[in-house]
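The values are calculated or read from the model by the stated rules, or taken from the named source; none is laboratory data. The structure presented is a predicted model; accordingly, all values stated were derived computationally and were not measured. Every residue, glycine as well, gets a Cβ built from its backbone with ideal geometry; the counts of neighbours run over all protein chains shown. Just so you know, the surface numbers come from the protein's heavy atoms only, side chains and all, with ligands and any DNA or RNA stripped out. Shrake-Rupley method; radii C 1.70, N 1.55, O 1.52, S 1.80 Å.
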Amino acid sequence: MTLVKVNQKHYPKGDITRRGMALALDFCGAWFLSSIVANNQIGIQFAQIFVFIFAWLIFRVVVVYSNQGQSLGRWAFDLKILEVANGEIVNRIPQFQTLLLREGVICFSSLLLSIFLGNIILNPAAVVLLLPLIIDGGAALSDTQMRQAFHDRFFRTIIVSSRRGYSLDIKIKRLVAKFQRNMR
């Protein structure tokens, strides 16, 4: 009896720029919703933090779980999340609990970013709040083979390019090229 290894389907890894733009789009949505409940007091506002966490979990867990691995940001930039098992990409989205834990880590880093953005004028030392996000993103930059950040490695997930999406990055590139042609 001969064992034949079935070739794994090739999944193009999502590049760092598109991943960053997708994260920024999801972050801006959650940050906008949380800024609605903000008041003009100085310091950390717990209502704003609660709304940010709630919006983040809706955008990045519930929507992803029910939308074939794509949040609004990932859909806009043609990305999706898949599981990794034994070093190989599996064609399925992670379980709800895995998504919840994974996004909890990213939510914490993003929440620190929102606190930084709200306090940078009053306290320039708040730049320290960016360290978890920088370290996590730096791991994806240093991993040339799988392009996994720390949270991806820990929860065995990967961000890959997808065919289903809005292709916002391509549309922006076309608009910029058209604008440049018209300026000449």
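Numbers for the structure displayed
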| item | result |
| --- | --- |
| Rg/Rg_globular for the chain, with Rg_globular taken as 2.2 N^0.38 Å and Rg from C-alpha atoms | 1.16 |
| Per residue solvent-accessible surface (Å²) - the stretch 49-184, probe of 1.4 Å | 59 Å² |
| Percent accessible area from carbon and sulfur atoms, the chain, protein chains only, probe 1.4 Å | 64 percent |
| Dipole-positive endmost among 100, 54, 123 within the stretch 1-135 (Cβ charges, Cα centre) | 100 |
| Relative contact order computed over the stretch 31-99 (Cα-Cα under 8 Å; 6+ residues apart), in percent | 21 percent |
| Distant-in-sequence amide H partners of residue 157 (H built 1.01 Å from N, under 5 Å) | 84 |
| The chain: DSSP helices with Cα axial extent of at least 20 Å and average Kyte-Doolittle hydropathy no lower than -0.5 | 16-36, 96-119, 168-183 |
| Over the stretch 48-184, relative contact order from alpha-carbon pairs under 8 Å, at least 6 apart, % | 29 percent |
| Cβ-derived FRET efficiency at R0 35 Å, residue 143 paired with residue 176, nearest 0.05 | 0.75 |
| Order by protection proxy (mean Cβ within 10 Å, highest first), peptides 72-80, 124-132 | 72-80, 124-132 |
